[in-house]
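Okay, here's the structure, questions in a sec.
The values are calculated or read from the model by the stated rules, or taken from the named source; none is laboratory data. Model, not experiment: these values are computed from the prediction. Quick reminder, even Gly has a Cβ in these numbers, built from the backbone with ideal geometry, and neighbours come from all protein chains shown. What goes into the accessible areas is simple: the full protein's heavy atoms, side chains included, and nothing from ligands, DNA or RNA. Shrake-Rupley method; radii C 1.70, N 1.55, O 1.52, S 1.80 Å.
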Amino acid sequence: MFRKIFFAVIALSGLTTAAAAQAAATNTPGCVPPGLINSLPTEQLPGSDLVTVTTSIDGNPEKLLIGIGDLSTQLWNTPAAKLDLAVLNRGRFMDAGGRFSEGVARVGHFTQGNMETGNFEIAVRPDPDIPNAGFDGVLGTNMMQRYDIDLDFAHRRLNFFSPEQCQGGGVYWTPNAISSVGFVTYSGVVYVPVTLDGHTIIALLDTTVDRTFLNPQVAERLFGLKADALDAGNVIAGGARIKAGTHRFGSLSLGGLTFNNPQIAVPFNVTTQDTGEFHASRVLRNKYPLSELLPPMIIGMDVLKQSHLYISFRNQRIYVSAAGDGQALKQQAPAGTRWFNVWKFGYDAYLPYIHKFFAL
C-alpha cells in the first residue's frame with residue numbers, strides 16, 4: 001500500500017440527511033437495499049484504538065486487524081510458523097516502518113463468520129516490533145472488494161453487504177446527518193479528500209494505524225513542519241512502530257464530519273531497509289526515503305473511531321456519519337456458510353481458463 005502515487009481530483013459532496021439519502025434510494029426504480037451477507041463482532045485491543053476480528057486459518061483461530069488500508073491479507077511470521085505454513089520468498093513488500101519482506105504462503109481453508117474460502121496465497125510479514133501486540137496479522141481489502149463494507153465502530157461490528165444498486169441504498173442506520181464522499185482506489189485501498197486547516201489533501205483511510213499522520217514532505221511543504229522539531233511520539237501502523245513528531249492542528253474534515261484540534265503525527269523521514277536485491281545495471285535502487293513510500297496523509301483510528309463508515313467499492317462511494325448516530329444493525333446474517341472469493345473479481349472467473357490450460 002505504501003508507494004509513490006499520483007492522484008486525480010475527487011469531488012467531495014455536501015452533508016445530507018439520512019432521510020434524503022434513503023428517499024433517493026427508495027425513489028430509484030428497481031433499487032433493492034443491499035442484503036446482509038456476514039456480520040462479525042470486532043474487539044478493541046487493550047490500550048489501543050485498533051480493532052480485530054477473529055478468523056480461522058486452516059482450523060486455527062487467528063486475530064486479524066481490520067485493514068481497509070491494506071490490499072493483502074497478512075500473517076506475521078510467528079503465527080505462520082505455528083500453522084506450519086510453507087513460506088516462499090516471492091513477494092515484495094515494504095511496510096510503513098520501511099521494513100522489507102517477501103514471504104507468501106498458501107492457505108488451505110479460511111473462514112470469517114459464515115463466509116469461507118481457501119487455496120489462496122497470504123502474505124507473511126515480520127512480527128510486530130511492539131511487545132504483546134495482541135493480533136496475528138491483517139485482514140486486507142482482497143477479502144472485501146466484492147462487497148459493501150460497513151464499519152460500525154460504536155457498536156463494534158464489521159458487516160459485509162451485497163453491493164448497493166443505488167446511492168444511499170445501504171444506509172440502514174438512519175443517522176441524523178450523513179455525507180457521501182467519492183473515492184478512488186489504488187492497489188485496492190481507499191483514498192478520499194480531506195481538509196486540514198484549509199488545505200485539501202488526498203488521504204488513505206487505514207484502520208491498522210492508531211494515529212493520523214502526514215507525509216513528512218507534505219508537512220514541511222504545506223505547514224512548514226519538520227518532525228525533529230516537534231514533540232516526540234510514535235505511530236503504530238500494522239506491525240510497525242514509526243518514530244514521529246506530533247503537532248496539534250486546528251481542524252480536520254472528512255465528509256460532513258469535522259474533528260477539532262486533532263493531534264497529528266509527522267514521521268521521521270528514515271531510509272527503508274535494503275531489499276537485498278541485486279541489479280546489474282544499478283539503475284534500480286534498493287533503499288528509499290520513507291516519504292517516497294507513504295501517501296500524502298493517512299487517517300488512522302484516532303479519527304476513524306469517531307465515525308460510522310459504509311464503503312461501496314463498486315460505486316466508489318463512502319458514506320460517513322458520526323459514530324453512534326443511528327441504531328445498530330438489527331438484521332441477522334443468513335444462517336449457513338457462504339463461499340466467497342479473494343480479490344475483486346474472484347478466482348472463479350478465471351477457473352475455466354486455468355482448467356483448460358492445464359487440462360484439469
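Is there a residue in the stretch 88-103 that is open to solvent by 20 Å² or more (accessible area, probe 1.4 Å) and either on the phi > 0 side of the Ramachandran plot or at pLDDT 90 or above (or both)?
Checked against the condition, which is being open to solvent by 20 Å² or more (accessible area, probe 1.4 Å) and either on the phi > 0 side of the Ramachandran plot or at pLDDT 90 or above (or both), the stretch 88-103 yields no hits at all.
Is one or more of the residues making up the stretch 135-152 open to solvent by 10 Å² or more (accessible area, probe 1.4 Å) and among the aliphatic types (A, V, I, L, M)?
no
Looking at ILE122, is it closer than 28 Å to ILE37 by Cα and open to solvent by less than 50 Å² (accessible area, probe 1.4 Å)?
Considered against the rule, which asks whether it is closer than 28 Å to ILE37 by Cα and open to solvent by less than 50 Å² (accessible area, probe 1.4 Å), ILE122 comes out as yes.
Another question, if that's okay. In the stretch 140-155, is there at least one residue being more than 24 Å from ILE236 (Cβ to Cβ) and outside any loop (DSSP other than H, G, I, E, B)?
Checked against the condition, which is being more than 24 Å from ILE236 (Cβ to Cβ) and outside any loop (DSSP other than H, G, I, E, B), the stretch 140-155 yields at least one hit.
Got a sec? Which of GLY168, GLY134 is part of a loop (DSSP other than H, G, I, E, B), touching a helix residue (DSSP H, G or I) at 6+ places or on another chain (Cβ under 8 Å) and touching a residue at least 60 places away in the same chain (Cβ under 8 Å)?
GLY168 is the lone residue from the list that is part of a loop (DSSP other than H, G, I, E, B), touching a helix residue (DSSP H, G or I) at 6+ places or on another chain (Cβ under 8 Å) and touching a residue at least 60 places away in the same chain (Cβ under 8 Å).
Before we move on, is GLY233 modelled with pLDDT under 95, surrounded by 22 or more Cβ atoms within 10 Å (Cβ to Cβ) and not hydroxyl-bearing (Ser, Thr, Tyr)?
For GLY233, the condition - modelled with pLDDT under 95, surrounded by 22 or more Cβ atoms within 10 Å (Cβ to Cβ) and not hydroxyl-bearing (Ser, Thr, Tyr) - is not met.
Next up: Every residue in the stretch 31-90 that is under 14 Å from THR208 (Cα atoms) and aliphatic (A, V, I, L, M), please.
Correct list: LEU45, LEU50, VAL51, VAL53, LEU64, LEU65, ILE66, ILE68, LEU71, LEU75.
How many residues are open to solvent by less than 20 Å² (accessible area, probe 1.4 Å), in contact with a helix residue (DSSP H, G or I) (Cβ under 7 Å, 6 or more places away or on another chain) and under 19 Å from PRO193 (Cα atoms) when one looks only at the stretch 217-230?
Number of matching residues: 0.
Can I ask one more? Considering the stretch 121-148 alone, what residues qualify as being among the hydrophobic types (A, V, I, L, M, F, W, C) and either touching a strand residue (DSSP E or B) at 6+ places or on another chain (Cβ under 6 Å) or at pLDDT 85 or above (or both)?
ILE122, ALA123, VAL124, ILE130, PHE135, VAL138, LEU139, MET143, MET144 - these are the residues of the stretch 121-148 that are among the hydrophobic types (A, V, I, L, M, F, W, C) and either touching a strand residue (DSSP E or B) at 6+ places or on another chain (Cβ under 6 Å) or at pLDDT 85 or above (or both).
Next question, about the same structure. As an exercise: evaluate GLN44 against (1) modelled with pLDDT under 90; (2) under 27 Å from PHE161 (Cβ atoms); (3) not small (Gly, Ala, Ser) and give the number of the one condition it does not meet.
Failing condition for GLN44: (1).
Give all pairs with beta carbons closer than 6 Å in which a residue from the stretch 317-336 that is among the aromatic types (Phe, Trp, Tyr) meets a residue that is in a loop (DSSP other than H, G, I, E, B) and buried (at least 17 other Cβ atoms within 10 Å of the Cβ); count only pairs at least 6 apart in sequence or on separate chains.
TYR319/VAL171
Answer yes or no as to whether THR78 is open to solvent by 10 Å² or more (accessible area, probe 1.4 Å), more than 21 Å from ARG241 (Cα to Cα) and not acidic (Asp, Glu).
No: the conditions fail for THR78.
Each row is one residue, and each column tells you yes or no for (1) β-branched (Val, Ile, Thr); (2) over 28 Å from VAL303 (Cβ atoms).
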| position | (1), (2) |
| --- | --- |
| PRO46 | no, no |
| SER56 | no, yes |
| LYS82 | no, yes |
| ALA86 | no, yes |
| VAL104 | yes, yes |
| VAL107 | yes, yes |
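When the residues of the stretch 55-75 are narrowed to those that are polar (S, T, N, Q) and touching a residue at least 24 places away in the same chain (Cβ under 8 Å), which ends up surrounded by the fewest Cβ atoms within 10 Å (Cβ to Cβ)?
Looking at the filtered set, the residue picked out is SER56.
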